[in-house]
Amino acid sequence: MQLRLLTVYLPVAVLVLGCSKNGSPAQETTVPIAIVGTSPIVEIKVNGKPVPVHFDLGNSDSVSLFPAFLDEIEKQRVGETGGRKSLYGSEDGKPVYRVETVQVGEFAVSNHDVVEDFHDAEFQADFIETRGAYGFVGPELFRGYGLVIDYQQKELTIVAQDALGTQQSSCRGREILLMPQSNSDIGALGLAKTEIGDVRLVWDTGAPANIILKDRTDAARLDLPEYEELTLTRLSFGEHDFGPASFFVRDFNIPVFDGLIGFPFFEKFVVCFDLPGNRVFVRDQ
């Protein structure tokens, strides 16, 4: 997961949905997801060149790529990142490039800005070796559409806005309203009611586990060290309870949320994010 504080560039792409086989506008397009450990990997095309990337809902960039791939494509440098940080440190000064096309299944964007990933060379080499991925794709690429994440079927489905929430759509289930603070900086933020009080949780496919911040457990007067496991018997979003759920305590100093919904939740449920409607649909596998 990354947090964007300030960037020096603006997205210029428009996401376009293709046509169905009969020539009518397509309502959905589906691409395979490979689950490598706890990492969802999808293939995108940049300037027509295929590249596997980590599908990361907590990534504030639409597309961030390793130099090992960027060096292989035509691109135009248009700026650099500034005033940015992630959970793991500064992201200042990373190049921003404009590419001709980015494609995911039947979706294509043109004249799109991609960022050189901020992780160090050792991290990137390990990521390529262990996951076979050369960067990350985040929800900003799909702004205005719905995303259905189905780990059991190993599919990511992109849904047109007018089909979201209908019975004919893959994007359906128990409806959860996201908090108004949800945006590209902090991702999809939900308010869960638990036995330790209200907990603000970011839905993050990049998180290998459900995580609760130590500041929140300290506020609940729980004497838990980092990496301790905490089971919440209640995890209610609105009228829907998804407890019990296990969380691991992490000591990150991030005041805008209290934890992350990660891999175990997505492994158990089919989750659809209605990005324009600021809501989530959850259904059983």
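Coordinate-derived values only; no laboratory data. Just so you know, these numbers come straight off a predicted model, no measurement behind them. Quick reminder, even Gly has a Cβ in these numbers, built from the backbone with ideal geometry, and neighbours come from all protein chains shown.
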- In which sequence would Thr205, Thr38, Thr157, Thr233 go, from the one with the fewest C-beta neighbours within 10 Å to the one with the most? Thr233, Thr38, Thr157, Thr205
- Listing Arg200, Arg172 from the residue with the fewest other Cβ atoms within 10 Å to the one with the most, what is the order? Arg200, Arg172
- Loop-located GluC sites (Glu not before Pro) in segment 207-255 whose Cβ has at most 12 other Cβ within 10 Å (DSSP): Glu226, Glu239
- Item | Distance violations [Cα-Cα > 24 Å] among Lys75/Lys154; Lys45/Lys94; Lys154/Lys193; Lys94/Lys154 | Lys75/Lys154; Lys154/Lys193; Lys94/Lys154
- Count the net charge of all other residues whose Cβ sits under 10 Å from the Cβ of Phe248, scoring Lys and Arg as +1 and Asp and Glu as -1. -2
- Find the relative contact order for segment 174-284 and round it to a whole percent, using C-alpha pairs within less than 8 Å whose residues are 6+ positions apart. 34 percent
- Estimated vicinal HN-Hα couplings, Hz - segment 268-279 in sequence order (Karplus 6.51, -1.76, 1.60; Gly, Pro = x): 8, 10, 8, 10, 10, 9, 8, 5, x, x, 6, 8
